Every structure is written in structure tokens, then in C-alpha cells.
Amino acid sequence: MLNLMVGSQEPMNIPMGELLMAKPMHDTPMLDQLESGPWPSFVTGLKRLANDNDMMVDLLGQLETSYQTRKGYWKGGTVGVIGYGGGIIPRFTELKGENGKPVFPAAAEFHTLRIMPPPGMHYDTNTLRKMCDIWEKHGSGLIAFHGQSGDIMFQGATTDNVQPAFDELNEMGFDLGGAGPAVRTGMSCVGAARCEQSCVDEGRTMRMLVNNALDDMHRPALPYKFKYKVSGCPNDCMNSVQRADLATIGTWRDDMKVDQEEVKKYVADMGRKKIIDNVITRCPTQALSLNDDDTLSVDNKNCVRCMHCINVMTKALSPGDDKGVTLLCGCKRTLKIGDLMGTVIVPFMKLETDEDFEKLGELATEILDFFAENALEHERTGEMIERIGLVNFLEGVGLEIEPNMITRPRMNPYVRTDGWDEEAAKWQERQAAQ
Amino acid sequence: MADAPRMPIESGVPEMDPYLHPVLKKNYGNWKYHDRPRPGVLHHVAHSGDEIWTVRAGTQRQMDVYTIRKLMDIADEFAEGFVRFTIRSNIEFMVSAESKVQPLIDKLNAEGFPIGGTGNSVSMISHTQGWLHCDIPGTDASGAVKALMDDLYEEFVNEEMPNRVRITTSCCQINCGGQGDIAINIQHTKPPKIDHTQVANVCERPSVVARCPVAAIRPAMVNGKPSLEVDEKKCICCGACFPPCPPMQINDPEHSKFAIWVGGKNSNARSKPTFHKLVAAGIPNNPPRWPEVSEVVMKILSAYKQDAKDWERIGEWAERIGWPRFFEKTGLPFTKYHIDNWRGGRANLNASAHIRF
């Protein structure tokens, strides 16, 4: 007979023959309450893993403790794979007994591997089954599809098992994502793969942007994180305008397409009032008008590509043919100076040919390099632009100013304008060149 | 000599092609239109005439391998062996024949996966890691989301809202959950409690001082040891000092509360993108099911559902009816904390005679 401590409970006598079996479950009265109700329960999943996985038994013990005390018990540390400086999120338990030993020893190390999914998060079943097998062998068996930065998160490995788990996933064709002051895992919408509103090859764009910057992803040495996100149209399903340092949003510059026969059908089906109330009057620039014969007139010069009418009348309306992207730079959430949206830095660029992609790649590298050299420690691109001003940023990365970058001109007089004539001449020159 | 270690294959983001459903691959970039035959199902038609039906199911995001294998069995037997995930952790099954849709839905429902999250529904809540894995969490994420999605189940499987509703939760004020129509975020209410015995050992003090948005932290000697002190009158309890310096204990079981924010919108549709706005705070962090959070969310949703026009997002609705009426219709108290006094905050004050009576 062996004398074992199980969690913080009384010593238990376990016959040797049963040592191969999983350790007994801890009581989890609070977590148990998350097993009822109609939504799928992660607690039920954790418990099922715990049937033959000691790490999960103890993970449940620590999580239940957090529910009881309303405190977190993980701390970071340094765990990595050979050749890379980031991509693993190390977690060591801080929940220790008076003897300084972990209360839940089997979950004392519970690291996450961030693995980059294919663009659009598409999978065949074999790939996911293989990932499950690898994670059952080396990790806890818990996987999140996906984390907020777009990674597959393989949650719960001991320090020793991080390397073999990564090696097997890496051999499958998958690579670690970003963590820390580094280029982070990118995201792109389903886009061209299954959406008629797609204005650009989102997957190719995101893949090009991230894969051009792998050194800055895998060897974190930037002032702070840097994120690329790609949405195929201004619906911006990837929230790029609020979350990405460089947001790439699909758009078009010719007339949007109108199938007048389909418009008439919508009017017949929905009724004129509904079309007027839900489409015509909702256009932010009053660019739409319903004609007497139930066809639609569009003032394309004043259309701002907001997508609303196209979202409502999916069969009748669609983006034009001369497609490309708008680039915005510098969005982030609160800390430290407050929320920042992205700012337009390129109103339109084509993104079809290899040369177009190369041009975007070069610009992205320019921006990343400027950020690396000029941002302060722990400063995102948006904060840097706020500090140095948009004009200095644009000069630094070699972009020309243009009025699509502003909502309105300056409202305060605190500016020196002694270079006015030269600046006006530059503008005239650029206009003449077009 | 030992063998050279295995070096990583620096392959980056994998190609999409091998993982794409064949109909998606064939019609890449050539889709014509889509419609929604029922909640949870999308129907896309390509210029080639090909059609694809997508069935969207909710998941718990943090999935055990048994759940994933069950979903894969369903994908192989009832769909066509390919799936994808949405940004909100819903799983999508693509099938090339309409006849496969209903059996797939029946099977998913039988296995406990809700079908929905499309169009004007409340989709799955995007969330963070919380007590399960984060090193700085004020609360849990998966549990709070599970409890809330139980309450929102009917709104997930139906499309009865004026427009889509995107909810997020975050376990600290860094707000990794992101912007949302409704954002449920931890809001600390007391300055950090400092463990002065640890600061010198684990914190790079100048960088902690630099992190503070209101310059309330300064170096100090405490009991003969180098440490930090906080000007508690200045402190806004944001918790920015905690990640670089864990001895600045900001999480507090009692005083770390929830705040609820509304009107974040990333889409450019109709109005420009907006950030979410504070509407409620002081909500207790009450595991395992956080009923007080649900109560406020339900109040907001029910007022929105009743009063907003078709296609109006929560923020657009509040802007149209005006914030005084938002507080009236939701029954939420209006307090001095709603009035922005951060830099640039005067832009959020009413500088007009536009008043609704």
C-alpha cells in the first residue's frame, strides 16, 4: 500500500494495482453547476478528460479553488521550444501549501502552445483528429478553437512535453504563433472561399503579411505586439479597425453592381415601405433612390462603401469589379492612453497581381521597421502615431498625405504654417501628375 | 556528442487549399449571392451555379478531444469531411446538397450542439481565458460565458433581434475580449495592494512607473527595501501596473466588479465603427453563474429587441433614441461615472440644444 496526498485532502491509501488508474476527482461543487443548461459545457469536457488524465483532475481542483476564492493562481515564466523565443504561454501554479509544494501537483505546469491555423480557420477532419491524437499524447487534451488572437490554443502541457508536442504539430505543417512583444498571429475572414462580398484574396494577403514577418514573430524583439488582420469588405468581420496595427480591408472604386430585375423582386417581396425604411433611408450619404418603376438609382460618387444596402439585398447588389484594399494603421484597446481606432493611411490600393502583393509586403515591412525603431517600450503603433503625429509617421514610412485620411480638417489655430506655399505646390504637382 | 536538436520548420501560416471544402476551392472568389433558409444555415450560390449549405453550431470553445472527435465523426458521417470555425468559436459544416442539411442539424442537436448564431441572432460570446489559464484574471471567462449562453440560448437559435448582437467578456481591463454590442468587463474599484517584500525581486520599477496612465506610481523605500508606492487619490484602478509587476495586487474578490458597456461596432455598415460605452458598473463577481451580470444583459437586450428598428445595432439604436431614453428604457441608473472626464472627454458631452422631451 502507498500513502499518497491527493490535492489538499486527507491522505488516501491506494492499492498498488490501482496506481495506473487516474487519481480520484476532487469535489467541484461550484463547477458542477456549470454542467446544467442547454449550452455545451466545458466543465463536462474537462471532467471527461479527467477520467484518465491526472493533469485534468488537478486542473479541475485548481479551477474549483479559483471559483471558491475568486482568485487566479497562475504565473508566467520562461518556457519555449528550441529555435524560437516566443509562442508558448507558460503557466506555473501559485497555489501552494504551507510546505511550499503545489496543492495540485499534476497541474503545477499547464503551458499553452499557440499554433497558427490556416487562413479562414478551415480544416479537414483528419487534420483535427491528428491534432487531438498529438495533444492527447503530450498534453491535457484541451484545445481552444480559437483564442482571441486567432491561434489554436493547445492548453495544458508540462514543460518537458512542450517540445515533443510542438515537434509533432510542426511536422504536420503547423507553426507557432506570436506572443509577447512580437508580430502576432494574423486573422482573415472566410472571404473569397465562401462570401460574395469578398473584394480581395484575404487568405493570401494575411499569409503574405505574417509570413514576411516570421522573424519578428518567432524572436520577439519589438517594442510591443504588432497585429495584422484582413477583412474582405467593409463589414470588417475580423474587427480589424479596432484591433489591428495594420488593418487591411477590401473595397472597390468603380460603381457597385445592381441587378435591377432582382431589385424589383425585393420591392415586390418586401414592399416599398420596407425597402425605403430599411435600405434607401439607411444609406449614410443619401446615395440611394428608389425610382417610380421600382428600380434603384445609386450615386456612386457619394457611396462610401458602407455595405448596408448590399447586406440587405444580397441578390440584387454587389461590390464593383475594380477591387482593392483600404489600409488603416494604429488601432488598439485601452491601456495605456485609451481606445484607438485605426487611421486610414492608404485609401485604396490594388491587390491582384504578384507586384501588388509585393508592394503591400514592402509597405508593411516599412511600417514594422519604423515601429521597431521609433516606438517606446510597450507602445503600440496607435500610441506612437498619437505621440509623433500622423504626418511624421507618414513621412517616416514614405506615404503621401491625402484628405481621405481625415474626418475633418484641424479646428485649432495652434500650427505654424510658414511652409504653406511649398506644401501647396507639392499638392498641385501631385494633382497634375495624376 | 549528442545529436543536434531538431530545429523548427519555420513554415508560418499554412496554405489554405488543403483544408478547403472542394466546392469552396472550386468557386474561390466567384460567389454570387447568399441567403439564410433558416437560423443557423447559410446558403451560398456561386457564379458557376454550384451551391453550398453551411450549418453553424455553437461550441464551448475550450474543447476536450472527445468533443472534437465527436464533431469530426459528425462531419464525416453527416457532412463532407470539412469544417471551419468562426471568429466567435462557432463550428461550420459545409454540405453540397440541401438534403444533407436537416439530418446534420438533427444529429448536432441530438448531440447537444445548438444551431444558430447567424443573421440577427445573439451569436456566441467571444471571450478570454480567465482563471483557467490567464496569469492576471479578475474572474473566469468560460464559466461566465457558459452561464450567459444558457440564458441566451433562445436568442442564439433564433434570429429575432433587430440586427446581429455581438457580446464579449474580458477578465481584466486590458479587454482582450474586444469591442462588442455588449461588453462585459472586469472593472477594479480599489488601488492595488502592494506586496512590498516582493517588488524589488520581481519588478523592473521604472517600467512599472511608466505604465501608469495617470502617473500615480513612484519609487519608494518601504521597510528598508526598494519598492513602489501608489498615490491612491490619483489611482484610477485600471490594473495596468499589475501585469509587469504581480506584487501590485489589483485583483480583489470583493472589489473587482463587472462593468457593462454597449454600442461597440466594427462594421462600417450605415454608421462608422464605434467603441463601446459604459452603461453599468458595480456588478458583483459572483461565480459560478454570475446571475447579476445576466440580469443587466437581459434588461438591455429586451429593451433593444422591443424598441430598435430593423438593422439597427445596439449603439445605433441608443444614438437614435438618445442616451437619456436608453437609461429610461433599460431602467439602468445614470451616474456621474458615465460622464467622461478623461482627456478629450468633452467631445462626449452634449454641446447643443438637442434635447428630447
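The values are calculated or read from the model by the stated rules, or taken from the named source; none is laboratory data. These figures come from a predicted structure and were not determined experimentally. FYI the Cβ positions are ideal-geometry reconstructions off the backbone, even for glycines, and counts take in every protein chain you see.
Structural remarks
- For A:V304: the one exception among (1) surrounded by fewer than 19 Cβ atoms within 10 Å (Cβ to Cβ); (2) of a type in the set (A, V, I, L, M, F, W, C); (3) at pLDDT below 95: (3)
- Among residues of segment A:175-223 being among the acidic types (D, E) and more than 23 Å from A:T381 (Cα to Cα), the one that is farthest from the other protein chains (Cβ to nearest Cβ) is A:D201.
- The condition (being assigned to a loop (DSSP other than H, G, I, E, B), within 22 Å of A:G147 (Cα to Cα) and touching a residue at least 40 places away in the same chain (Cβ under 8 Å)) is satisfied by just one residue among B:F156, B:F113: B:F113.
- Residue check for B:A210: within 14 Å of chain A (Cβ to nearest Cβ), modelled with pLDDT of 95 or more and surrounded by fewer than 23 Cβ atoms within 10 Å (Cβ to Cβ): no
- Qualifying residue in segment A:358-369 (condition: aliphatic (A, V, I, L, M), surrounded by 14 or more Cβ atoms within 10 Å (Cβ to Cβ), farther than 25 Å from A:A182 by Cα and at pLDDT 95 or above): no
- Only listed residue being touching a residue at least 40 places away in the same chain (Cβ under 8 Å) and in contact with a Cys (Cβ under 7 Å, 6 or more places away or on another chain), chosen from B:C134, B:C176, B:C171: B:C171
- Within segment A:251-268, residues that are among the aromatic types (F, W, Y) reach partners that are surrounded by fewer than 17 Cβ atoms within 10 Å (Cβ to Cβ) and part of a loop (DSSP other than H, G, I, E, B) with beta carbons closer than 9 Å, at six or more positions or on different chains, in the pairs A:W252/A:G320; A:W252/A:D321; A:W252/A:D322; A:Y266/A:D294.
- In the condition set (1) under 30 Å from B:G180 (Cβ atoms); (2) touching a Ser or Thr at 6+ places or on another chain (Cβ under 7 Å), B:V55 is compliant with all but (2).
- Pick from segment A:176-223, criterion among the hydroxyl-bearing types (S, T, Y) and within 16 Å of the chain's Cα centre (by Cα), ranking: surrounded by the most Cβ atoms within 10 Å (Cβ to Cβ): A:S188
- Hits in segment B:62-90 - residues which are at the interface with chain A (Cβ under 7 Å from one of its Cβ atoms), closer than 17 Å to B:L104 by Cα and of a type outside the set (K, R): B:T67, B:I68, B:M72, B:A75, B:D76, B:G81, B:F82, B:V83, B:F85
- Residues (away from chain B (no Cβ under 14 Å) and either in contact with a helix residue (DSSP H, G or I) (Cβ under 8 Å, 6 or more places away or on another chain) or closer than 30 Å to B:N341 by Cβ (or both)) located in segment A:325-355: A:L327, A:C329, A:I345, A:V346, A:M349, A:K350
- Residue in segment A:112-131 that is β-branched (V, I, T), touching a residue at least 40 places away in the same chain (Cβ under 8 Å), crowded, with 22+ Cβ neighbours inside 10 Å and over 20 Å from B:G130 (Cα atoms) present: no
- Residue match in segment A:342-361 (condition: on the phi > 0 side of the Ramachandran plot and within 26 Å of the chain's Cα centre (by Cα)): no
- Those strands (runs of 3 or more DSSP E) lying entirely in segment B:1-75 with at least 3 residues hydrophobic (A, V, I, L, M, F, W, C): B:41-46, B:51-57
- Contact map, segment A:373-398: residues that are away from chain B (no Cβ under 14 Å) and of a type in the set (F, W, Y) paired with residues that are crowded, with 18+ Cβ neighbours inside 10 Å and in a helix (DSSP H, G or I), Cβ distance under 7 Å, separation 6+ or inter-chain. Pairs shown: A:F393/A:I385.
- Per-region count, segment B:280-291, residues surrounded by fewer than 17 Cβ atoms within 10 Å (Cβ to Cβ) and within 14 Å of chain A (Cβ to nearest Cβ): 3
- Given (1) facing another protein chain (nearest Cβ under 8 Å); (2) surrounded by fewer than 24 Cβ atoms within 10 Å (Cβ to Cβ); (3) touching a strand residue (DSSP E or B) at 6+ places or on another chain (Cβ under 7 Å), number of the condition B:W53 does not satisfy: (1)
- For beta carbons closer than 9 Å, sequence separation of 6+ or different chains, a first residue in segment A:212-223 that is outside any loop (DSSP other than H, G, I, E, B) and a second that is polar (S, T, N, Q), the qualifying pairs are A:L214/B:S11; A:M217/A:T185.
- Lone unmet requirement of (1) more than 8 Å from every other protein chain (Cβ to nearest Cβ); (2) over 30 Å from B:H133 (Cα atoms); (3) touching a residue at least 60 places away in the same chain (Cβ under 8 Å) for B:L20: (1)
- Residues in segment A:160-209 that are in a helix (DSSP H, G or I) and small (G, A, S): 5 in all.
- Residue match in segment A:116-124 (condition: over 21 Å from A:V57 (Cβ atoms), part of a helix (DSSP H, G or I) and hydroxyl-bearing (S, T, Y)): no
- Residue in segment B:298-320 that is under 30 Å from A:T65 (Cα atoms) and either in contact (Cβ under 8 Å) with a residue 60 or more places away in the chain or surrounded by 14 or more Cβ atoms within 10 Å (Cβ to Cβ) (or both) present: yes
- Residue identified as within 11 Å of chain B (Cβ to nearest Cβ) and of a type in the set (D, E) among A:E109, A:E64: A:E64
- Some residue of segment B:25-33 being modelled with pLDDT of 95 or more and closer than 28 Å to B:T128 by Cα: no
- Qualifying positions in segment A:134-150 - assigned to a helix (DSSP H, G or I) and more than 8 Å from chain B (Cβ to nearest Cβ): A:I134, A:K137, A:H138
- Restricting the first member to segment B:85-98 and to residues that are closer than 26 Å to B:G178 by Cα, and the second to residues that are among the charged types (D, E, K, R), the beta-carbon pairs closer than 6 Å and six or more apart or on different chains are B:S89/B:R61; B:N90/B:R56; B:E92/B:R56; B:E92/B:R84.
- Single residue of B:A141, B:A147 found to be closer than 30 Å to B:Q249 by Cα and facing another protein chain (nearest Cβ under 8 Å): B:A147
- Among the strands (runs of 3 or more DSSP E) confined to segment B:210-291, the ones with at least 1 residues that are within 22 Å of the chain's Cα centre (by Cα) and not hydroxyl-bearing (S, T, Y) are located at B:256-262, B:277-283.
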